[in-house]
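Okay, structure first, notes after.
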Amino acid sequence: MTKKLFVPILFLVIAYFVISMENLTVILSGIAIFLIGMFFMQDGFKLLSGGILEKLLQKFTSNTFYAILTGFLSTSVVQSSSIISLVVISFLSVELITLVQGIGIIFGSNLGSTTTAWIVSSLGVDVKISIYAMPMILFGVLLRFFKNNSYKGLGNVLLGLGFIFLGISYMKDGFDTLKNSIDLASYSMEGALGIIVYILIGAIATVVIQSSAATLAIIITALSAGSIIYINALALAIGANVGTTFTAIIASLASNENGKRVAFAHFTFNVITAIIITTFIYSFKDLVDFLAPYLGISENNYTMKLSLFHTIFSLFGIILLSPFINQIVNLSKKLIKTKISAASRPKYLLDSNLTIPDTAIVSIRKETISLYENCQKAMLHALNLHTSNLKTKEDLKLQISKEVSKIDTNIDEIYHTNLKIIYSEIIKYSSFAQENMTSSQQREVADIKRCAKLIVEVLKDTRDIQKNLNFYLKSRNEYIKEEYNLLREELAAILIDINLLDSQETELEKLTQLEVIKSTLKTNDLLKSGKIDALIREDKIKATMATSLINDSATVYSIQKKLVEMASILFFNNTLLKEIGNK
């Protein structure tokens, strides 16, 4: 009950202050408009890049220097370290980049985020930028009516910049008028206590707003209006840098261990840098005063000095901590250990069997069969088929006849959290075991390793058809729906047949069952049947449906062929029968 009342009460309190204090209304409106601008600009760059940002982050991170440079440049362009952090965490989740590369990008992103302060301090204070805001918003709205994503993206970027400029203008005006009625500078606090208090305020404000750029814009405009003193503004900037790490921490909660580790590295970077900068804050303030004239910054231009301080903060952190990225990685791995579920632990790969070739082969074969069983379950769930009551083809027909009930199955997640570990252990164990084997035993193990590879391939192939399958099974076109149901049935039927193959007692019975599977497979090639052409000619399905069906039926047929090849190796012990089965 208390939780339900909290939000309405909070809004009422804010509404009271907004109505009763006109100056505060202007400032809060400025913050809101600034945040809207940030959202528009971030979405615009996503549309405008067309995936280029992701490709650049993945490609140009071959070493630590390039990773830092890429993080700096991409954040400077996108104007959001949060976006870069989220992309890095998502890349780490699917292992497109290494943890060292990810941390390097985050370090560079910290430096790139300082460009926001330079833009705000140089344009938002000395120039009345609100006059540029309206044309940007106007052209941004016009471009959003275009169908082309590039134009829409450019429109969003212009809208974002327009709103950002407008928001800064409102905040500046609000602080200027607020100063006349309330002297905020009178609440300033000097000394160590003041620095700590204002660091906490900066961190809390950034956590609440979820944007260090917005926090810095508020600090710069307040400093420009004389509402806060310079040393307190520096402390607020330090706090904003610490607070911004919480965005990455929150995003990492839904990620895997590597995502959490890069969030830990981000937090470590900002906290260690903040502690050192805070300890020697007056020395760094003097450094800013020393460097300012060389950069054309006047003695009393505290907003530009704050931007310089913000840049020095991040640059100092990079210089100090980038040589220790590997140590940070190792520490993060110790603190955030990889969770291995029971399903992803090898059952049969015992070290004691490594030196006994025949026993090692049995271990590898059993573990590969276990991998296949886990893979089969994931495949059937991806086909929206429940495995609990699916033993025979009659069970299958009963499920197919019912209305489809979607089973949420993320094959990539299943593979990375469970099956990849088993697959990797099979390959590793096999490599060590083959050292003690004869050439014929080594060939047998090589065949089983190929089976493991085929199992992983068919799982990923199933993922490729899953999207279209879910889409067309809900289609109003009964013909396309029927065809995709047939694909489900064919693929599930061959899995059931392979299970029957495994349950046969003698090698001869297994061979007979394998021949039945092969004869069924020959009739399942939909492309050769001419059925799709007939559906198009009779105007029963659209050409777009046909192309999806052609691609997916080819994938399903390829999956079936791989499954047959895997079964003919994995479930036969007699070498001669294996050779017959492979023909």
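For this structure, a couple of remarks:
- Extension gain (nm, one decimal) between Lys542 and Lys518, 0.36 nm per residue minus Cα-Cα: 5.4 nm
- Per the Debye calculation on the stretch 343-581 with a single equal scatterer at every Cα and no solvent contribution, log₁₀ I(q)/I(0) for q = 0.10, 0.12, 0.18 Å⁻¹ amounts to -0.51, -0.71, -1.36.
- As an equivalent ellipsoid, the stretch 331-430 spans semi-axes of 32, 21, 8 angstrom, where each value is the square root of five times an eigenvalue of the C-alpha gyration tensor, largest first.
- FRET efficiency for Leu193 and Asn63, using Cβ-Cβ distance with R0 set to 41 Å, rounded to 0.05: 0.40
- For the peptides 539-546, 426-433, residues were scored by their other Cβ atoms within 10 Å and the scores averaged per peptide; the highest-first order is 426-433, 539-546.
- When peptides 403-409, 231-237 are sorted by average Cβ neighbour count within 10 Å, with the highest value leading, the order is 231-237, 403-409.
- Seen from every direction in turn and averaged, the convex hull around the alpha carbons of the stretch 390-495 projects onto 8.4 nm².
- Computed extension gain for Tyr294 through Asn326, at 0.36 nm per residue and net of the alpha carbon distance, reaches 8.0 nm.
- In terms of packing, defined here as the mean over residues of other Cβ atoms within 10 angstrom, the peptides 415-425, 133-143 line up highest first as 415-425, 133-143.
- Kirkwood Rh in Å, taken over the stretch 275-411 so that all alpha-carbon pairs contribute: 22.2 Å
- For the listed residue pairs Lys366/Lys510; Lys397/Lys481; Lys333/Lys449, the alpha carbons are over 22 angstrom apart in Lys333/Lys449.
Here, each number is a calculation from the coordinates, and none is a lab measurement. On a predicted model such as this, the values are computed, not experimentally measured, just so you know. Every residue, glycine as well, gets a Cβ built from its backbone with ideal geometry; the counts of neighbours run over all protein chains shown.
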